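Input: a single structure, listed below in structure tokens.
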Amino acid sequence: MAGAASALFLLDIKGRVLVWRDYRGDVSATQAERFFTKLIEKEGDPQSQDPVVYDNGVTYMFIQHSNVYLMTATRQNCNAASLLFFLHRVVDVFKHYFEELEEESLRDNFVVVYELLDEIMDFGYPQYTEAKILSEFIKTDAYRMEVTQRPPMAVTNAVSWRSEGINYKKNEVFLDVVESVNILVNSNGQIIRSDVVGALKMRTYLSGMPECKLGLNDRVLLEAQGRATKGKAIDLEDIKFHQCVRLARFENDRTISFIPPDGSFDLMTYRLSTQVKPLIWVEAQVEKHSRSRVEIMVKARSQFKERSTATNVEIAVPVPADASSPNVRTSMGSAAYAPESDALMWKIRSFPGGKEYMLRAEFTLPSITDEEATPERKAPIRVKFEIPYFTVSGIQVRYLKIIEKSGYQALPWVRYITMAGEYELRLI
Amino acid sequence: MSGHDSKYFSTTKKGEIPELKEELNSQYKDKRKDAVKKVIAAMTVGKDVSSLFTDVVNCMQTENLELKKLVYLYLINYAKSQPDLAILAVNTFVKDSQDPNPLIRALAVRTMGCIRVDKITEYLCDPLQRCLKDDDPYVRKTAAICVAKLYDINAELVEDRGFLESLKDLISDNNPMVVANAVAALAEIQENSTRPIFEITSHTLSKLLTALNECTEWGQVFILDALSRYKAADAREAENIVERVTPRLQHANCAVVLSAVKMILQQMELITSTDVVRNLCKKMAPPLVTLLSAEPEIQYVALRNINLIVQRRPTILAHEIKVFFCKYNDPIYVKMEKLEIMIKLASDRNIDQVLLEFKEYATEVDVDFVRKAVRAIGRCAIKLERAAERCISVLLELIKIKVNYVVQEAIIVIKDIFRRYPNTYESIIATLCESLDTLDEPEAKASMIWIIGEYAERIDNADELLESFLESFPEEPPQVQLQLLTATVKLFLKKPTEGPQQMIQVVLNNATVETDNPDLRDRAYIYWRLLSTDPEAAKDVVLAEKPVISDDSNQLDPSLLDELLANIATLSSVYHKPPDTFVTRVKPATQRTEDDEYPDGNETGYAESPANAADGGASPPTSSSSVPYGAARQPAPAPAAPAPVAPVPDLLGDLIGLDNNAIVPADQHATSSGPPLPILLPASTGQGLQISAQLARQDGQIFYSLQFENNSQITLDGFMIQFNKNSFGLAAAGSLQVPPLAPGASRRTLLPMVLFQNMSAGPPSSLLQVAVKNNQQPVWYFNDKILLHVFFTDDGRMERTSFLETWRSLPDSNEVLKEFPGIMVSSAEATLDRLAATNMFFIAKRKHANQDVFYFSAKIPRGIPFLIELTTVIGNPGVKCAIKTPNPEMAPLFFEAIETLLKA
């Protein structure tokens, strides 16, 4: 079961090696490059290619980020989940260092890139990917000082994500509760999937080694404590924690306790699969007139309380690929035809609860069509929006206690926001 | 924090190397550092800067950590090509490994371990010993991994110097990161050793479970992966372990989650309490579902694993089918996998919703996905009897859209549905016939023709329909020709009127005289003879009732599934193949010593020699869903030959019996003596019937040597045997001659075999699936392994010169190498004799240092040669086998065979 990567490659968009690190000496750069360029040529679109590919004794796994491919090669039965996830972490590390990970930034920083590749992986085993701590001892030119005298304690500590001796004048914590609503409605108007993925995003500016404890209106916890729940408690279905949270403790008594990393991170994510009423409902009617023009009528309705308002609403209505000469009218917001995505983009900056808006559009169609044409790709209507100060789940942060031995007072700020995730209605 | 390193790439004028040389020897520190950066930049873009070795190494002694790292990097890259100069660096390495700065100490051992030069390795031991006991955990964690590196280069050295013991001590280290790396190193060493090195006792178990709470996310993966090998003593211990692992399901790192799932599933096998199991299943579902919100690549790995998990524990996700519905923007590889799982989770309860989804997918743009969706509908129909009708009506709706490939795919699956539910849905045939002329794919055509032939009596104009195909008979692909032949015969037998009579003449003529396809000709002759000898018998044979096919969606063999589940999260679980089919450990090229000219004359390369790079592994795992292992335990809905002709052994036997006397009378060899055969169907599974069998070669013929033992209480008779499609198209050449077996009786028989009958597609596999039936018991299925050496033909001898020529003419990519560390050749003569007996012909022998190198040739049918090189030290364990062949995909099978031969 043991297994590790043989090498890690950073390749450009054409599959040529930009920088690579050989960890085991059993896969060569030429071999990998030959394989990968062939793959790209053959498939044209590597997006459609399985991310795990076997070729001539070697398994390659890759991901893409802007104009760079990150790829590992291995000859063993290594942990695929771990290596692919590691590649995503490597992207995060590079982004932390160079702001953007792209061909140019790799070239501009190849010395640091090599140093990082040496530190994050050893003999093909992922070692350490906390960008913030790495940057304490692997520095780019601009920040380079004299020789670092030792690796930060954090690298090997049980608390591997935070260094000691951090100091802020003003100790503050920002906690954003962000919920994404995923919904899939089929052509009969039935909701066939609906779930909410929430994340508690934290930004901490705290001195020393603060012990934090977070209290939520978690039904299991409240019931265990024998408190009246009064319908306010919620059931969190699947919770995932940042590695700083003590999982065993949570398992025991549902306490969320942790020493946070410095700066921003996702403290936890959760998922609820309870059916929710679609916050914004969209209906569309399409009428094709004698192959020459098509009329589309769209109705959008907000189905949340009037005191909330959705902002930056964007409704993408698919139109036939061969449509032209749009003529659009809306009762609110503006609509523009986006031929590159075969859609009509209807934007409404502010959409209060309990309202209904309309859009009418007309397109002309060519009078002749290709007999052999494959059927039109049936894209769903897709909706984007944000609703501030509102959560679908009703999650509430009851408290965030911060205790540090120096005894400072820290201010926690909490915000709530709901937004559309994969919000698709196959109604057209 | 952007850098400006790109300027180092831009010095590409002539005379670069001398210029760099000068700068590297500059007296100014900054200039030297810039020069090293330029060297590394040149190395990065693939220029050979190895000639600057001495100059770069001179910059190694520096206080500047950045510069030091660059020089080290250079060393890792070029030490192999300059082994003699690399020794220059040793002093600095040794010194650095005692530097007060732990970063430098760690850097020194880490880098030394990466330099695969023997001379350096010797000097690595002392620093490594020190660093394993270093005060600083950062150094210790690096040293732990370094032991694994050293083991990879020189395993003996590691054992002699007691590094394994030091490594084991690190498991009790107080630092979690050190523990995790020690576990990773030990697990890897164990993997490559036959001796027990890393045994997890209950004591280490509890230590590692404690470390789990404290180490980094990657360390947690190492520990969980290593611990999943642990076998708990009893249900109670298993429950305890599971209890300590379940919190990991809440980890944000999905690799931690999957490894935790693996470990829980392993332990669950031991847990007897159904409550506990149910509870665990409930706990695992949400994290598995959440994996589907991860990045698409991770989703892909998760889906391949979920596919396995639901085969073993269908209840876990029974209510979650909706999360597998495809999203518009899912990459195609995610959609394909989701579809597979939807079929597995489809049930009477959710089928309506699922069908609605499939219908939606069938109108997407990606053709492969659409086809798969249409097939999925068919598979659901076959799986769920009560939903079959609804599935069919969806298929008919799709056919009405008249999109060419949808129609064809629908017809293919409808044919399977007919085989699953005979005489139930024939009313739709009329609708199918409407699309007849749009069919242009062989499989669809063949399916349609099969339907017409099978139901000829219900289709009024069946003869007209078939006749329309006959005109183009010679141009049709073999698959369609075979079906046309069979369908016409069926038509004739069902409607023996004038029209069909003429048709059959035309077809038989076309299929015997006009064709050069032996399969087609053989089948046509069989029909011809049958029809002319005894039309009634022909009816019995051709129109016999076909076995009903069944659902193949839970297709993996249970023992394979076990193995794959033990490998969750790894590549094995992604490929759905056991690790040894794709793991190729090649020794990275250490320096080659001397004249390795004969017979591979390739240059000594730096990174690897092409010989080593060649694939020693197996069939490339096609990571799509067409898993060869799943192929069939049932007579699958064989699309190619659903006609009953080929697979019925009696018929084939009789026919050959008419021609010549190739049938070996069973009694001739039917003695109960001879070497024992491996038991393939133990009496415990076979309701008292035990079957042992093995392929054997005798007098230039291939036989299946079988032994039947009746341990049941009743007399068994009417034995029949059938082989599933396999890579070599092995099939019975005669009928199975076993007399009725009284309770307690046993019988041994030789069944003559033929090759290239019913070949399975895909990469070659040694799997041979056998079905045996008798009149008293259900059909027994068992798996056997095809050992390639039974195919070695007696004309495989090659002349020395032609051997050399063939070796040279084959590209290096056709060379495959495998080592058998456990095998010892104690006497050359005996081994040569034994190999010669199996038609592996000795060609030449030479001495190379203390090793003996032997060359052999062998040939398998269809003239595929194997050129073999065996390297070993007589009397010492370890045999290296290199082969060259035009069909390198056969290599894994060959190695299996040679391993058996050498071990014998």
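What shape does the protein assembly as shown have by the C-alpha gyration tensor, where a ≥ b ≥ c are the square roots of the eigenvalues, rounded means a/c under 1.5, and otherwise prolate means a/b greater than b/c and oblate the rest? Oblate is the answer for the protein assembly as shown, as a/c is 1.5 or above yet b/c matches or exceeds a/b. Applying 0.36 nm per residue to the separation of A:SER264 and A:LYS170 and subtracting their alpha-carbon distance, the gain on full extension is 32.2 nm.
Hey, which aspartates and glutamates would be in cross-link range of B:LYS133, C-alpha to C-alpha under 13 Å, not counting anything within fewer than 8 residues on its own chain? Reachable aspartates and glutamates: B:GLU165, B:ASP169, B:ASP173.
When the charge dipole of the range B:5-213 is built from unit charges on Cβ atoms (+1 for Lys and Arg, -1 for Asp and Glu) and taken about the Cα centre, the candidate among B:SER202, B:VAL117, B:VAL183 whose Cα reaches farthest toward its positive end is B:VAL117. Indicate the gyration tensor shape class of chain A (rounded, prolate or oblate), computed on the Cα atoms with a ≥ b ≥ c the square roots of the eigenvalues: a/c under 1.5 is rounded; otherwise a/b larger than b/c is prolate and the rest oblate. Taking the square roots of the gyration eigenvalues as a ≥ b ≥ c, chain A is oblate. Exposure proxy for B:CYS215, B:CYS59: other Cβ atoms within 10 Å of each Cβ, ordered fewest to most, give B:CYS59, B:CYS215.
Here is the result for the range A:74-124: no chymotrypsin sites (Phe, Trp or Tyr not before Pro) lie in DSSP coil with at most 12 other C-beta atoms within 10 angstrom of their C-beta.
From the helices alone, meaning DSSP H stretches of at least four residues, give me the mean residue ellipticity at 222 nm for chain B, per-run term -39500 (n - 2.57), in deg cm²/dmol to the nearest 500. Numbers along the way, then the final one.
Working: 38 runs with 435 residues, N = 904.
My calculation for chain B gives -14500 deg cm²/dmol from helical runs alone.
Restricting to DSSP loop positions (anything but H, G, I, E, B) with no more than 14 other Cβ atoms inside 10 Å of their own Cβ, which trypsin sites (Lys or Arg not before Pro) remain in the range A:252-349?
A:ARG291, A:LYS305, A:ARG307
At 7 Å along the Cα-to-beta-carbon direction for both B:PHE756 and B:LYS31, put a label point, then send me their distance in nm to one decimal. Taking the two extended label points, one gets 7.4 nm. Averaging the Cα positions of each part gives two centres, and for the range A:291-360 and the range B:526-563 these lie 58 Å apart.
At a Förster distance of 45 Å, what's the computed FRET efficiency of A:THR274 paired with A:ARG329, Cβ-Cβ distance as r, to 0.05?
Using R0 = 45 Å, I get an efficiency of 0.75.
Taking label positions 7 Å along the Cα-Cβ direction at both B:HIS203 and A:LYS305, the computed distance is 6.2 nm, reported to one decimal. The mean sequence separation of alpha-carbon pairs under 8 Å and at least six residues apart, normalised by the residue count of chain B, gives a relative contact order of 6 percent. Where the centroid of each part is defined by its Cα atoms, how far is the range B:120-155 from the range B:851-904 in Å? If we compute the Cα centre of each part, the gap is 37 Å. Anything over 32 Å Cα to Cα? Flag those among B:LYS38/B:LYS149; B:LYS539/B:LYS773; A:LYS14/A:LYS95; A:LYS288/B:LYS383, in the order listed. Table pairs above 32 Å Cα-Cα are A:LYS288/B:LYS383.
Taking 7 Å steps out from each Cα toward its Cβ at B:ILE874 and B:ILE17 produces label points 4.7 nm apart.
Going from the fewest other Cβ atoms within 10 Å to the most, the residues A:ARG24, A:ARG75 appear in the order A:ARG24, A:ARG75. Where a ≥ b ≥ c are the square roots of the eigenvalues of the C-alpha gyration tensor, would you call the range B:792-903 rounded, which needs a/c under 1.5, or, failing that, prolate if a/b is larger than b/c, or oblate? Rounded, because the longest to shortest axis ratio a/c is under 1.5.
Here the contact order of the range B:792-903, divided by its residue count and restricted to Cα pairs under 8 Å and six or more residues apart, works out to 35 percent.
Straight Cα distances below 13 angstrom link B:LYS33 to the aspartates and glutamates A:ASP141, B:ASP5, B:GLU22, B:GLU23, B:ASP55, B:GLU63, B:GLU66, with same-chain residues fewer than 8 positions distant left out. Listed from fewest to most Cβ neighbours within 10 Å, the set B:ASP794, B:ASP699 follows the order B:ASP699, B:ASP794.
Looking at the range B:1-95, the trypsin sites (Lys or Arg not before Pro) that sit in a DSSP loop and have at most 16 other Cβ atoms within 10 Å of their own Cβ are B:LYS13, B:LYS14, B:LYS47. Derived value for the range A:280-388: Kirkwood hydrodynamic radius 14.7 Å. Basis is the mean of 1/r over every pair of different alpha-carbon atoms.
Just from its helices, what would the mean residue ellipticity at 222 nm be for chain A, if runs of 4 or more DSSP H residues each count -39500 (n - 2.57) and the sum is divided by every residue, rounded to the nearest 500 deg cm²/dmol?
Values: 7 runs with 71 residues, N = 428.
After summing the helix terms and dividing by the residues of chain A, the value is -5000 deg cm²/dmol.
With a Förster radius of 22 Å applied to the beta-carbon distance between B:ASP852 and B:ILE87, the computed FRET efficiency rounds to 0.10. Taking 0.36 nm per residue of sequence separation and removing the Cα-Cα distance, the B:LYS402/B:THR685 pair yields an extension gain of 97.0 nm. At an R0 of 56 angstrom, the distance between the Cβ atoms of A:SER341 and B:ARG808 translates into a FRET efficiency of 0.50.
Taken together, the values in this text are just the output of simple stated rules run on the coordinates, not laboratory data. Just so we're clear, the structure is a prediction, and the values are computed from it rather than from any experiment. All Cβ positions, glycine included, derive from the backbone under ideal geometry; neighbour counts span all protein chains shown.
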